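The values are calculated or read from the model by the stated rules, or taken from the named source; none is laboratory data. Here the structure is a predicted model, which means the values were calculated and not measured. FYI the Cβ positions are ideal-geometry reconstructions off the backbone, even for glycines, and counts take in every protein chain you see.
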Amino acid sequence: MSSAFSAVYVRDLRLALRRRVEALLPAIFFVVAVSLFPLGVGPEPQTLREIAAGIVWVCALLASMLSVTSLYAGDHLDGSLEQMMLSGQPGFVIASAKAAAHWTVTGAPLVLAAPLIGLLLDMSSAALATLVVSLLLGTPILSLLGGMGAALTLGLRSAGVLLILLILPLTIPALIFGAGAVGAVDSGLSSAGHFSLLGALLILTALTAPMATALALRIALE
Amino acid sequence: MFPTAPVPAASSYAAGLPTLTATDLACRRGNRLLFSGVNLAVRAGQATWLRGANGRGKTSLLRLAAGLAVPDSGQVTWGEAPVRRAPGYAQQLVFVAHTNALKDDLTVTESLRFLALICGRNSKLESVHAALQAVDMYSRRDALVRTLSQGQRRRASLARLALEHTKSIWILDEPFDALDDDGVQRINKLISAHLARGGSALLTSHQASSTAGLNMTEFDLDRFA
């Protein structure tokens with residue numbers, strides 16, 4: 001079971017390494033999208049500071065959703081997915097490994113890029129630290145939910161748009177508590193409550209999303 | 001409908017492979033009924049050659065047999081239990097679809113090792129290389145899959161068969177597709193050894209010449225349209 005997890009995880013990382021530019025696109029999208037806001041909203045530091053957490057979180061959300069559409073499409077096309085589902089390994093292990101690999105390739109760079117982006121938006125150091133932690137807890141939720149959406153829309157035309165419509169509503173709690181944590185710190189409150197809720201969300205998603213993904217994959221393959 | 005004579009070989013194996021049985025199977029694609037009333041048994045030591053015109057549902061039948069799809073009526077059983085719930089079926093099944101399940105951006109060895117690892121087969125480098133030797137792909141072992149020709153990809157994909165050393169059931173969808181004469185002979189050799197071990201096989205093929213060297217029972221799907 002754990003060997004299946006590591007096999008899928010290592011393989012997906014290796015594939016991402018072979019296509020480095022493609023793997024970095026979500027992070028580039030993230031940086032570009034965030035840097036549009038000062039141009040659009042205006043460069044007043046006060047305004048930017050107030051909306052910074054929200055901007056970063058929304059852009060991270062969109063970057064995750066855009067990159068997750070192809071999570072299962074390639075494996076479906078070349079028959080690898082069939083082999084994985086027939087291998088006798090529990091489907092949720094494979095789904096978890098795919099989501100973990102997706103997070104490592106796209107989520108982790110977003111977390112790493114967040115401090116730089118925060119500086120661009122003139123965030124305080126306390127707010128920056130909170131933002132990084134909230135993204136660290138929140139982006140895995142996005143990868144897990146995105147994987148579920150990718151499995152549900154597998155083989156459909158315009159799967160990308162449908163996936164975003166299906167999954168975005170489910171990501172709203174993560175967005176609220178993630179951006180809310182930074183807001184709390186900004187107004188001098190503790191972010192512990194927000195972090196606890198984000199952590200609870202992460203545990204809940206990690207327990208349920210892979211199961212749902214495996215089920216959706218089985219249906220998609222029929 | 002299908003030869004029901006007892007197969008003496010099956011009982012002589014210490015722990016014989018269960019029989020794959022399709023009972024009154026029907027499959028529908030959209031509104032079209034592909035086939036119905038199909039009864040089929042694949043016993044240990046026996047190979048079944050599934051024949052039929054294009055679009056008759058050969059691949060659909062193989063997917064039903066592998067447990068990837070659910071039949072409209074009837075059932076496929078492995079021993080006593082339906083294939084989707086049969087204990088150990090996943091471990092004893094090798095399903096090679098018409099897709100090769102190789103990743104373009106991985107090398108031949110990496111692709112094959114992944115399949116071996118995930119299916120719980122021997123994934124040691126030596127055994128994977130030995131399997132590649134069996135299909136004459138050893139010299140291309142470190143080539144990226146995307147640089148291979150169709151025939152070479154098929155060989156690499158079928159190298160999985162050379163990793164099998166225990167009794168198992170092989171479900172092969174057009175295994176000889178894109179293979180040259182040498183490739184066909186190599187695969188036939190693997191299938192023969194597999195049958196001699198007490199394994200069973202269910203396969204489709206359009207070219208009668210490819211299957212010439214094998215002792216196979218024909219099963220014509222055209223009769224069930």
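Of the residues making up the stretch B:119-149, just one is under 22 Å from the mean Cα position of the chain (by Cα), facing chain A (nearest Cβ under 10 Å) and aliphatic (A, V, I, L, M), namely B:V145. Out of A:L81, A:L144, A:L163, A:L77, report the one residue that is under 30 Å from A:L39 (Cβ atoms) and in a helix (DSSP H, G or I). After ruling out the rest, the residue left standing is A:L163.
Looking across the stretch B:148-173, the residues that are within 21 Å of B:A116 (Cα to Cα), assigned to a loop (DSSP other than H, G, I, E, B) and out of contact with any Leu (no Cβ under 6 Å at 6 or more places or on another chain) come down to B:L148, B:E164, B:H165, B:T166, B:S168.
Checked against the criterion of being buried (at least 22 other Cβ atoms within 10 Å of the Cβ), hydroxyl-bearing (S, T, Y) and over 15 Å from B:A47 (Cβ atoms), the stretch B:156-167 contains one or more residues that satisfy it.
Looking at the structure I just gave you, is B:A131 among the small types (G, A, S) and surrounded by fewer than 22 Cβ atoms within 10 Å (Cβ to Cβ)? Against the criterion (among the small types (G, A, S) and surrounded by fewer than 22 Cβ atoms within 10 Å (Cβ to Cβ)), B:A131 does not qualify. From the list B:Q185, B:Q152, the lone residue that is more than 14 Å from chain A (Cβ to nearest Cβ) and in contact with a helix residue (DSSP H, G or I) (Cβ under 8 Å, 6 or more places away or on another chain) is B:Q152. Considering the conditions (1) at pLDDT 95 or above; (2) away from chain B (no Cβ under 14 Å); (3) buried (at least 19 other Cβ atoms within 10 Å of the Cβ), A:M123 is excluded by exactly one of them, (1). Based on this model, can you work out whether A:S80 counts as within 14 Å of another protein chain (Cβ to nearest Cβ) and at pLDDT below 90? So A:S80 fails the test.
Within the option set B:A116, B:A101, B:A86, being of a type outside the set (D, E), more than 7 Å from chain A (Cβ to nearest Cβ), part of a loop (DSSP other than H, G, I, E, B) and touching a Ser or Thr at 6+ places or on another chain (Cβ under 9 Å) holds for one residue only, B:A86. State which residue is nearest to the chain's Cα centre (by Cα) when the search covers only the stretch A:195-222 and only residues that are free of Cβ contacts under 8 Å to residues at least 40 places away in the same chain and within 14 Å of chain B (Cβ to nearest Cβ). Applying the filter and picking the extreme gives A:I219.
Among the residues of the stretch A:185-205, those that are hydrophobic (A, V, I, L, M, F, W, C) and closer than 14 Å to A:L136 by Cα comprise A:F195, A:L197, A:L198, A:A200, A:L201, A:L202, A:I203.
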